Amino acid sequence: MQFRDLKRQYEALRPQIDEALAAVFQSQAYILGPPVQALEAELAAYVGVAHCVSCGNGTEALSLALAVWEIGPGAAVFVPDFTFFASAEVVAACGATPVFVDVDARTFNLNPVDLEQKIQAVQAEGRLRPAVVLAVDLFGLPAPYPEIQSLARKHKLLILEDGAQGFGGRIGAQRACSFGDMATTSFFPAKPLGAYGDGGALFTSRAEWAARAASLRSHGQGTDRYDHVRIGMNSRLDSLQAALLRVKLRAFQDYEWEAVNRAAAAYTQALEGSPLLTPYVPEGYASSWAQYTVILPRAARRAEVQRELRARGVPSMVYYPRPLHAQPAFHSPAQEAEPCPVASDLCQRVLSLPLHPYLFPEEGARVVAALQAALQTALQTALQGAL
Ligand SMILES: *Cc1c(COP(=O)(O)O)cnc(C)c1O
């Protein structure tokens, strides 16, 4: 069993994918060709914003957004402590300061109460200017944007939505990647909408920001290719990835989103009453299930649960084993005074299970049975240790 079976997806979509790629080979327009423009229009329409600017990967999409807003030294950017490293890396890379915010113990996303406390602490200290909330749609679930938006208005902050894992999520009828003033996503192969290589995109309803991002991704291009009006970078999506992503976007809309939600719902139902916590999706929210992440009981040793799962042929992953504030690249005595206890606790207890739109129901049932047996073994070990 694969953790995320990309081969099965390729087999299902092979005729369309092969045809789309062959058309690019025929056209020979490999960089920012017609499929790239077509994909950008389709992505913007799906997400429900006016503009989409594709780029090299999800990390550079975040960097482009920060560059559009000219975020740099002296700016505080509020980032959840529990996310992939890139969410905070881009902040430090542009010279700004990431301020780590604790997360909600059930949704894994930014905790608005701690967000306001961290904003007030930065204001009180007076060293940095609170500038941006970089909210992450972790594991496919949108961050709590109604609360984040009201805090952003109150404290005059911009919202950058890191939708690398969030593409396809919803709050009510509104889709992820439309909640931030700017939003980004990633087409890394294992993300909800994945390419066969790297890729990313930025979304915004502001034409001026989209134009600046488009210029920045092509060496600060002005009116023509050899007119450079700003210092930018090279971060482009290529036509092969775009052509492939158009096929995958169609499948994502037609049936993959439903299929992955069905598989996730089956896990949640089958795990009811077991001593672990299943993922919590708040009323009115919908997830695109980039990951299905459970929280193990404190007594069960996670390494043992994983070993028992492996022995039963079930792969599992730990997203994430360490809070960002404790990463060597960020670790500082100043941050030690501001721990994020929920994020730290989750890092000890989370476990992600195999999930993708092509998971067979009998595979899901096998995962559940293996997990229940693994948990029982791990809890017995804990009990024996205590006696
Ligand atoms: C994957 C990911 C990124 C980075 O995307 P890449 O395309 O790999 O650069 C950023 N943020 C989060 C939350 C991610 O999961």
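For the chain, the C-alpha radius of gyration sits at 1.01 times the compact-globule guess of 2.2 N^0.38 Å, with N the residue count. Convex hull of alpha carbon positions in the range 242-387: directionally averaged projected area 12.4 nm². Of the Cα atoms belonging to the range 104-174, the radius of gyration and Dmax stand at 12.7, 40 Å. Looking at the range 30-91, the GluC sites (Glu not before Pro) that sit in a DSSP loop and have at most 12 other Cβ atoms within 10 Å of their own Cβ are E70. Highest mean packing first, where packing is the average number of other Cβ atoms within 10 Å per residue, the peptides 48-54, 76-82, 290-296 line up as 76-82, 290-296, 48-54. Restriction of the GluC sites (Glu not before Pro) in the range 218-306 to DSSP coil positions whose beta-carbon has at most 16 other beta-carbons within 10 angstrom yields E272, E283. Please find, in a Gaussian network model of the chain (springs between Cα atoms separated by less than 10 Å), the residue of K156, K118, K191 whose mean-square fluctuation is greatest. Fluctuation is largest for K156. Among the trypsin sites (Lys or Arg not before Pro) found in the range 295-387, those both in a DSSP coil and sparsely packed, with 13 or fewer other Cβ atoms within 10 Å of their Cβ, are R298.
Note that the range 134-219 carries a Kirkwood radius of 13.4 Å, evaluated over its alpha carbons pair by pair. Nearest 500 deg cm²/dmol is fine: what mean residue ellipticity at 222 nm does the chain get from its DSSP H runs of n ≥ 4 alone, each adding -39,500 (n - 2.57), divided by its residue count? So the calculated ellipticity at 222 nm is -13500 deg cm²/dmol. Rounded to the nearest 0.05, the FRET efficiency derived from the C-beta distance between A105 and Q269 at R0 = 25 Å is 0.70. Accessible area per residue was computed with a 1.4 Å probe on protein heavy atoms; H331 scores about 100 Å².
N234 sits among other residues whose Cβ lies under 15 Å from its own Cβ, and their net charge, with Lys and Arg +1 and Asp and Glu -1, is +1.
What a 1.4 Å probe finds exposed on the chain is 53% carbon and sulfur by accessible area, rounded to a whole percent. Using the 1.4 Å probe convention, the accessible area of the chain works out to 43 Å² per residue with neighbouring protein chains retained.
The values are calculated or read from the model by the stated rules, or taken from the named source; none is laboratory data. All figures in this text were calculated on a predicted structure; none of them were measured in a lab. Using ideal geometry, Cβ is built from the backbone for each residue, glycine included, and neighbour counts are taken over all protein chains shown. With ligands, DNA and RNA removed, areas are computed over all heavy atoms of the protein, side chains included. Shrake-Rupley method; radii C 1.70, N 1.55, O 1.52, S 1.80 Å.
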